[in-house]
Amino acid sequence: QVQLVESGGGLVQPGGSLRLSCAASGNIFSFYTMGWYRQAPGKQRELVAAIASGGSPNYADSVKGRFTISRDNAKNTVYLQMNSLKPEDTAVYSCNAKWYDLDYWGQGTQVTVSS
């Protein structure tokens, strides 16, 4: 069993930055592919960014060049650095861990981009 706890969400003005963190329990964190998803009101959940163990990150087209996903296996933590935020980035951001048929989710953290 893996527990994921996100932090770092909040209210930010357009053009601003936030860094989300997702801390995972367990001692096999490095095996998991870690991802950040988001869901805006009235919309389906979408993948924002993901990073496999030792692999290259991949991003949704809408965030390429603005967001950066990274992981620190020693700290069992994955990060999402979000720069040049836009109002359309407003959503609940959730952390996900996948390994074979194992699939875990955090509770989510709200990101609101508004002036």
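The values are calculated or read from the model by the stated rules, or taken from the named source; none is laboratory data. These numbers come from a predicted model, not from an experiment. Here the Cβ is made from the backbone with ideal geometry for all residues, glycine too, and neighbour counts use every protein chain on show. The protein model used for the area step is the full one, side chains on, heavy atoms only, and it has no ligands, DNA or RNA in it. Shrake-Rupley method; radii C 1.70, N 1.55, O 1.52, S 1.80 Å.
Brief remarks on what is shown
- Residues being free of Cβ contacts under 8 Å to residues at least 40 places away in the same chain, outside any strand (DSSP E or B) and either open to solvent by 60 Å² or more (accessible area, probe 1.4 Å) or among the hydrophobic types (A, V, I, L, M, F, W, C) (or both) - total across the stretch 63-87: 4
- Scope the stretch 88-98; condition at pLDDT 95 or above, open to solvent by 10 Å² or more (accessible area, probe 1.4 Å) and not small (G, A, S); matching residues: E88, T90, V92
The rows are residues; the columns are (1) closer than 18 Å to Q110 by Cβ; (2) in a strand (DSSP E or B).
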{"site": "V2", "(1), (2)": "no, no"}
{"site": "A23", "(1), (2)": "yes, yes"}
{"site": "G26", "(1), (2)": "no, no"}
{"site": "M34", "(1), (2)": "no, yes"}
{"site": "R38", "(1), (2)": "yes, yes"}
{"site": "G42", "(1), (2)": "yes, no"}
{"site": "A50", "(1), (2)": "no, yes"}
{"site": "N58", "(1), (2)": "no, yes"}
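- Residues in the stretch 99-115 that are among the charged types (D, E, K, R) and open to solvent by less than 70 Å² (accessible area, probe 1.4 Å): 0 in all.
- The residue of the stretch 24-45 that is most open to solvent (accessible area, probe 1.4 Å), among those that are under 11 Å from the mean Cα position of the chain (by Cα) and within 21 Å of D101 (Cα to Cα), is Y37.
- Test: residue in the stretch 52-62 that is at pLDDT 95 or above, acidic (D, E), over 14 Å from the mean Cα position of the chain (by Cα) and open to solvent by 60 Å² or more (accessible area, probe 1.4 Å): yes
- Taking first residues from the stretch 34-61 that are in contact (Cβ under 8 Å) with a residue 40 or more places away in the chain and farther than 14 Å from V78 by Cβ and partners that are open to solvent by 70 Å² or more (accessible area, probe 1.4 Å) and part of a strand (DSSP E or B), the Cβ contacts under 7 Å between residues at least 6 apart in sequence or on separate chains come to R38/E46; R45/Q39.
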